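The values are calculated or read from the model by the stated rules, or taken from the named source; none is laboratory data. Keep in mind it's a predicted model, so treat the numbers as computed, not measured. A quick note on method: Cβ atoms are made from the backbone with ideal geometry, for glycine too, and the neighbour counts reach across all protein chains shown. We work out accessible area using only protein heavy atoms, side chains counted, and drop any ligands, DNA or RNA first. Shrake-Rupley method; radii C 1.70, N 1.55, O 1.52, S 1.80 Å.
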2 protein chains.
Amino acid sequence: MPKIGVLLSGCGVYDGSEIHEAVLTLLELDKQNCEVLIVAPDKAQMHVVNHLTGEVMPEEERNVLVESARIARGAITNIDSLNPTELDALVLPGGFGAAKNLCDFAVAGAEASVDTAVARLLRTVHEMGKPIAAICISPAVVAAALGEINPELTIGNDKATAEALEAMGAMHFQCPVEGFHVDKKNKLISTPAYMLGKRISDVHAGISNMVDALLDMI
Amino acid sequence: MPKIGVLLSGCGVYDGSEIHEAVLTLLELDKQNCEVLIVAPDKAQMHVVNHLTGEVMPEEERNVLVESARIARGAITNIDSLNPTELDALVLPGGFGAAKNLCDFAVAGAEASVDTAVARLLRTVHEMGKPIAAICISPAVVAAALGEINPELTIGNDKATAEALEAMGAMHFQCPVEGFHVDKKNKLISTPAYMLGKRISDVHAGISNMVDALLDMI
């Protein structure tokens, strides 16, 4: 039974993990009989966003690990307590939390810096030769953490976002919502999900196809 | 294209909608080409629970509509603005929010009272002869709102919970996680989901089967 890490960044598309992408990842991994280890950093969110209005709630403070625990139904591990050598692969769902809490790509673009524990996790998994899957905007975390390996990634079709990825050392490839891009050399796989998708069923198709391909890479 | 209401109660199993159940409901309705209208009451949550520790956060206040908007990616309607005659069916995902924010079954048991707007919505949909689907703990909302029609419901296998439902006028039927119970006379359908299920893939099977059967009842 492969053991797959799922790295969350909060709970909600505008300030945390994109909830549909995270849940559909958990569904597909469970359908394939994987053991899943959900993990998140224990730190304050960059923002709390009112998802009804889209406005930042400046008075509000929330913790990435505590909010991610909502998606995990409490079954979550602090990234600092994780032994990455346990993992056979790592998946990063999308949502602005990936670009706000795992790294600061949402505000710093190509100058993004990555959370120390997140960078260490990605480097370790990569150096072990284990595959990493990145959904939606989370290829930005991979590019920011591992730009020097010139990762091949897809992040939808927004030109400025793709250019910022390339400025960090990545090579960008467009692909449809139900598809995925594989970087064979670096054992990376990515799917655009809500960067392109309008419907949850389309996003599900892409994540389902990506999970199948990820498990073949182990 | 049938138009289906999905009534949320927040965002997180311990104080709002159970996130997996809500997302899997949205997935299955979209796969069946339904138009989905997500709706929630604009009111304070009964509790905010830290999902990492399971403890109530007494200082924290959150709004049911605003937090439900996280699952809806912002595309949500205030229950007070909804015209129920638009709907062909209504689905209630589970989570403690159903028993804390839509009604107060979590603290009042068989003496539960129902949020006024929620009670009006359930009564109107029922009186129009349209079907209502209830997942996990949310059959408690149906029993509390519509006990006088003696609804047939399933709510897992916890004896005390089933007895409290029956004390409100319901008849309880056990059914497995991948199954559902249909009350043909009253056009109600229910599935136990995480009241019984241990795995997201089992919960998905039950919700998928229930959505198929619900659409056949329209």
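General remarks:
- Enumeration of residues in the stretch A:28-53 that are open to solvent by 20 Å² or more (accessible area, probe 1.4 Å) and β-branched (Val, Ile, Thr): A:Val36, A:Thr53
- For B:Val56: the one exception among (1) among the hydrophobic types (A, V, I, L, M, F, W, C); (2) touching a residue at least 12 places away in the same chain (Cβ under 8 Å); (3) open to solvent by 10 Å² or more (accessible area, probe 1.4 Å): (2)
- Considering only residues in the stretch B:184-208 that are surrounded by fewer than 21 Cβ atoms within 10 Å (Cβ to Cβ) and over 16 Å from the mean Cα position of the chain (by Cα), the one that is farthest from B:Glu111 (Cα to Cα) turns out to be B:Ser201.
- Every pair of residues 6+ apart whose Cβ atoms lie under 6 Å, when the first sits in the stretch A:177-200 and is in contact (Cβ under 8 Å) with a residue 12 or more places away in the chain and within 14 Å of chain B (Cβ to nearest Cβ) while the second is small (Gly, Ala, Ser) and in a loop (DSSP other than H, G, I, E, B): A:Val177/A:Gly197; A:Ala193/A:Gly94; A:Met195/A:Gly156
- Among residues of the stretch A:96-138, those that are more than 12 Å from the chain's Cα centre (by Cα) and not in a helix (DSSP H, G or I), counted: 9
- Scanning the stretch A:16-31 for residues being assigned to a loop (DSSP other than H, G, I, E, B) and more than 9 Å from chain B (Cβ to nearest Cβ) gives a total of 1.
- Scanning the stretch A:139-169 for residues that are without any contact (Cβ under 8 Å) to a residue 40 or more places away in the chain, assigned to a loop (DSSP other than H, G, I, E, B) and open to solvent by 10 Å² or more (accessible area, probe 1.4 Å) gives A:Asn150, A:Asn157, A:Asp158, A:Gly169.
- Given (1) touching a strand residue (DSSP E or B) at 6+ places or on another chain (Cβ under 8 Å); (2) touching a residue at least 60 places away in the same chain (Cβ under 8 Å), index of the condition A:Val107 fails: (1)
- Identity of the residue in the stretch A:1-23, crowded, with 24+ Cβ neighbours inside 10 Å and among the aliphatic types (A, V, I, L, M), that ends up farthest from B:Ala22 (Cα to Cα): A:Ile4
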